[in-house]
Amino acid sequence: MPPPQCPAAHGPGGVTRLYGPEAESNPMGLYERLRKEHGQVAPVLLHGDLPAWLVLGYRENLDVARTPSRFSRDARLWRESREGRLTPEHPLAPIATWQPICVFADGQQHERWRGAVNDSIARFDKRGIRRYVTRFSNELVDRFCRSGRTDLVHQFAEQLPMMAMTQLLGMPEAYSPELVNAARDMIKGTETAVSSNEFVLETLRKLVARKHVEPGADFTSWLLEHPSGLTDDEVMQHLRLVLIAAYETTANLIANTLKMVLTDVRFRASLAGGHMTLPDAVEQVLWDEPPFITILGRWATQDTELAGQHIKQGDALVLGLAAANMDTVVRPDPDAPIHGNRSHLAFSGGQHECPGQDVGRAIADTGIDALLLRLPDLTLAVEESELRYSSALMSRHLLELPVKFTPRAPAPPEDARDAGPAEPDRVAQPVQPVATPAPPAHAPAPRGSWSWWRSLRSWLRRG
């Protein structure tokens with residue numbers, strides 16, 4: 001990591017950049033430095049040195065999220081956009097240019113679009129979602145279970161959410177590595193983000209056209225038939241929003257939770273002792289390593305003040321979700337476990353709080369449950385210090401999670417197809433490993449061992 005005063009980390013006027021080596025290698029360290037220098041709201045520069053404010057405090061984030069009269073979601077207010085500095089080719093254009101979707105609206109327009117999304121999400125059958133996720137998890141495990149080693153990021157965490165979301169959106173045949181790569185590329189704000197956005201949009205245009213002819217029991221069809229009368233473009237844009245946001249957040253949540261249970265002794269002990277359920281574990285990760293570390297954005301509707309900083313009309317604000325979750329105002333002891341507490345800002349807050357967060361939770365805890373039932377002796381195959389991350393403006397994700405386990409045969413096709421956590425007697429059972437001598441009573445449990453997993457299933461089941 002470059003030293004704090006490295007020129008690459010600062011732009012005009014010495015303002016800190018939220019991109020570049022320091023921001024990408026250690027974003028949490030950067031946030032804490034900014035908090036010490038500026039307080040709970042800090043001036044920063046986005047890609048291309050576009051000025052913005054990073055909101056670091058928990059209370060300040062809630063204030064911004066809950067006060068649309070001062071801080072709007074309408075991106076057309078952004079001064080940089082109005083004055084032509086946010087060009088269509090800018091890396092942030094796909095996520096910061098106004099679009100006809102609920103995240104860029106307030107008031108009645110927001111209620112119309114958000115109502116259609118909420119009503120359609122409410123029609124999902126959670127038992128059905130869990131059955132799909134368990135089936136897809138078993139299919140993924142079947143691809144690598146004979147080898148005894150795999151990378152759980154590329155072979156599991158990055159695959160499962162897109163498999164689940166394409167099924168829920170009514171487009172399972174469109175699932176492909178290209179769609180996964182395009183979805184992640186857009187969030188990163190890379191030089192290819194614009195072309196990735198076009199690939200996703202073209203895929204969704206075809207889906208909307210087909211669902212007019214062949215409707216089904218899926219999210220796309222429900223949006224098209226909703227009483228709010230969404231246009232095809234509005235439906236397509238909301239499909240893109242749900243697909244991208246749900247994919248990135250859930251992939252990161254799965255990877256971070258798996259990493260935590262494989263590396264954190266206290267975390268694992270809480271699970272082993274029955275003091276924490278798997279859904280509780282997921283919630284703890286949402287506090288410590290939220291899937292989105294920031295969200296751009298809000299735009300000031302008027303000159304105002306926030307945490308002592310003078311915000312001008314048209315200024316952009318970046319919600320610092322990860323920084324807010326570590327604010328001592330809400331977490332005096334960041335190392336203390338927070339069981340059953342959902343007051344984190346991992347899914348933002350206010351009127352624009354993520355509407356699909358419970359679907360993401362269901363995909364994550366069901367998928368991890370299915371994985372660990374099949375491979376109960378998973379252990380990390382490298383030292384924790386060797387794990388690497390990649391950070392962008394909005395997200396920080398684990399690049400690899402190498403693991404090893406006892407090689408196993410794939411599950412019988414009928415078990416992999418029908419298994420579902422809502423029907424425990426049909427869950428695919430792991431092939432038992434060859435028995436080994438029991439360790440002495442005083443010996444510590446193997447690092448990252450999950451051999452005790454099946455005995456905890458009664459605690460690890462929810463809904």
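The values are calculated or read from the model by the stated rules, or taken from the named source; none is laboratory data. It should be emphasised that the depicted structure is a prediction, and the values quoted were computed from it without experimental measurement. Reconstructed Cβ throughout: ideal geometry from the backbone, glycine too, with neighbour counts over all protein chains shown. Remember, those area values only see protein heavy atoms, side chains included, never the ligands or the DNA or RNA. Shrake-Rupley method; radii C 1.70, N 1.55, O 1.52, S 1.80 Å.
Taken over the chain, the ratio of Cα radius of gyration to 2.2 N^0.38 Å equals 0.99. Judged by the ratio a/c of the largest to the smallest principal axis of the C-alpha gyration tensor, the range 152-221 counts as oblate, that ratio being 1.5 or greater while a/b is no larger than b/c. For GluC sites (Glu not before Pro), the sites in the range 86-192 that DSSP calls loop and that have at most 12 other Cβ atoms within 10 Å are Glu89, Glu191.
Packing, as the average of other Cβ atoms within 10 Å across residues, places the peptides 319-331, 198-210 in the order 319-331, 198-210, highest first.
Based on every Cα atom in the range 287-402, Rg and the maximum pairwise Cα distance Dmax equal 18.0, 57 Å.
Here's the picture: a label point sits 7 Å out from the Cα of Glu178 along the beta-carbon direction, and within the range 189-221 the residues with their amide nitrogen under 20 Å of it are 190-211. Can you bin the range 207-352 into rounded, prolate or oblate? Criterion: square roots of the alpha carbon gyration tensor eigenvalues sorted a ≥ b ≥ c, rounded for a/c under 1.5, prolate for a/b above b/c, oblate for the rest. Since a/c reaches 1.5 but b/c is at least a/b, the shape of the range 207-352 is classed as oblate. A straight chain from Asp233 to Met28 at 0.36 nm per residue would run longer than the Cα-Cα distance by 70.0 nm.
Note on surface exposure: Lys312, Lys211, Lys36 rank Lys36, Lys312, Lys211 by accessible area, highest first, 1.4 Å probe.
Considering only beta bridges that DSSP places wholly inside the chain, some 85 percent are antiparallel. Report the relative contact order of the chain, percent, no decimals, based on alpha-carbon pairs under 8 angstrom and at least 6 residues apart. Over the chain, the number comes to 23 percent.
Counting only protein heavy atoms and a probe of 1.4 Å, the accessible surface of the chain is 53% carbon and sulfur.
The convex hull around the C-alpha trace of the range 281-337, projected and averaged over every direction, spans 4.6 square nanometres.
Accessible surface for the chain, divided over its residues, is 41 Å² per residue with a 1.4 Å probe. Computed over protein heavy atoms with a 1.4 angstrom probe, the accessible surface ordering of Ile368, Ile121, largest first, is Ile121, Ile368. For the range 89-231, just say rounded, prolate or oblate: build the C-alpha gyration tensor, square-root its eigenvalues into a ≥ b ≥ c, call rounded for a/c under 1.5, and beyond that prolate if a/b exceeds b/c, oblate if not. Oblate.
Helix 232-263 axis versus longest C-alpha principal axis of the chain: approximately 50°, rounded to the nearest ten. In a fully extended conformation the segment linking His154 and Arg388 would gain 82.9 nm over its present Cα-Cα distance, using 0.36 nm per residue.
Straight-line cross-link partners of Lys404 among the lysines, defined as a Cα under 16 Å from its Cα and at least 8 positions apart when in the same chain: Lys259.
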